[in-house]
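Data block below; observations after.
None of the figures in this text is laboratory data; all of them are computed from the coordinates on show. Note that this is a predicted model, so its numbers are computed, not measured. Here the Cβ is made from the backbone with ideal geometry for all residues, glycine too, and neighbour counts use every protein chain on show.
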Amino acid sequence: MNWSTPDLCDAHSEELRVAAPIFRDYGGEPKFAGPAETIKCFEDNSLVAELVDTEGRGRVLVVDGGGSMRCGLFGDNLAMKAIDHGWSGVVVFGCIRDADIMGTLPIGVKALGVHPLKSVKQGVGAQSVPLRFADADWHAGDYVYADLNGVIIAGRQLH
C-alpha cells in the first residue's frame, strides 16, 4: 500500500472526514483500507459475527458499538473468519477482546479498548446504516483508510 493518511490529507483534505484520534491499534496489520460496511449494535455482536462470515472483498467493517466499554464486540475467532473471507480491517467504536492474539493476525483492527467479557447475542442491530462517531460520519461504501497516524474517510477511493 503506497499511501499514508498524512499524505492523503495533504492531497485531498477538502473531501475527507478525519476521525478523532480515539482509536488504538490491535491487529497485526497497522495499515489497511477499503470500502466500508457499517453495523450499528450495542453490546450485541450477532451482526458482526454474521458479516465476517461473508465475502469481505477487501472491505473494512465499521462497527458502531455506542462506545461501550462493558464488553468486547470483536475477538480472535471473528478475526480469523474475517481474514479467511478477505476483510482488510475492522474499526470498532467499542472494545475488542483477545488482544494478545489479535496482534499476531494479518488484519487491521482499531478499537477504543479491550474488555475480556463477550457480548450478548440477541440478533439486535442494523447493517449498512449511516453512523456518527469519533467526530465523523461513516457510510456504507465510503472508503476508509487507516494507519498508525489515524483513520480517514472519503466518498471515493483516493489511491
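Cβ separations smaller than 8 Å between residues 6+ apart or across chains give the following pairs from the stretch 139-151 residues that are under 11 Å from ARG59 (Cα atoms) to residues that are among the acidic types (Asp, Glu) and in a strand (DSSP E or B): ALA140/GLU37. Filtering PRO6, PRO106, PRO35 for residues that are touching a residue at least 24 places away in the same chain (Cβ under 8 Å), in a strand (DSSP E or B) and not hydrophobic (A, V, I, L, M, F, W, C) leaves a single hit, PRO35. In the stretch 46-65, of all residues being assigned to a loop (DSSP other than H, G, I, E, B) and in contact with a Gly (Cβ under 7 Å, 6 or more places away or on another chain), the one that is surrounded by the fewest Cβ atoms within 10 Å (Cβ to Cβ) corresponds to GLU55. If you go through the stretch 66-84 and keep only what is surrounded by fewer than 21 Cβ atoms within 10 Å (Cβ to Cβ) and outside any loop (DSSP other than H, G, I, E, B), you end up with ASP76, ASN77, MET80, LYS81, ILE83, ASP84. Considering each residue of the stretch 85-99 in turn, none proves to be out of contact with any Lys or Arg (no Cβ under 8 Å at 6 or more places or on another chain), crowded, with 17+ Cβ neighbours inside 10 Å and under 22 Å from ASP7 (Cα atoms). Residue count for the stretch 9-32 under the criterion of being aromatic (Phe, Trp, Tyr), buried (at least 20 other Cβ atoms within 10 Å of the Cβ) and assigned to a loop (DSSP other than H, G, I, E, B): the result is 1. Taken over the stretch 124-138, the criterion of being out of contact with any Cys (no Cβ under 8 Å at 6 or more places or on another chain) and either surrounded by fewer than 23 Cβ atoms within 10 Å (Cβ to Cβ) or among the small types (Gly, Ala, Ser) (or both) is satisfied by GLN127, SER128, VAL129, PRO130, LEU131, ARG132, PHE133, ALA134, ASP135, ALA136, ASP137. Only one entry in GLY72, GLY65 is over 30 Å from ALA11 (Cβ atoms), touching a Pro at 6+ places or on another chain (Cβ under 9 Å) and either without any contact (Cβ under 8 Å) to a residue 24 or more places away in the chain or of a type outside the set (Ser, Thr, Tyr) (or both), namely GLY72. Considering each residue of the stretch 104-123 in turn, at least one proves to be basic (Lys, Arg) and surrounded by 24 or more Cβ atoms within 10 Å (Cβ to Cβ).
The condition (being within 15 Å of LEU158 (Cα to Cα), of a type in the set (D, E, K, R) and in contact (Cβ under 8 Å) with a residue 40 or more places away in the chain) is satisfied by just one residue among GLU15, GLU43: GLU15.
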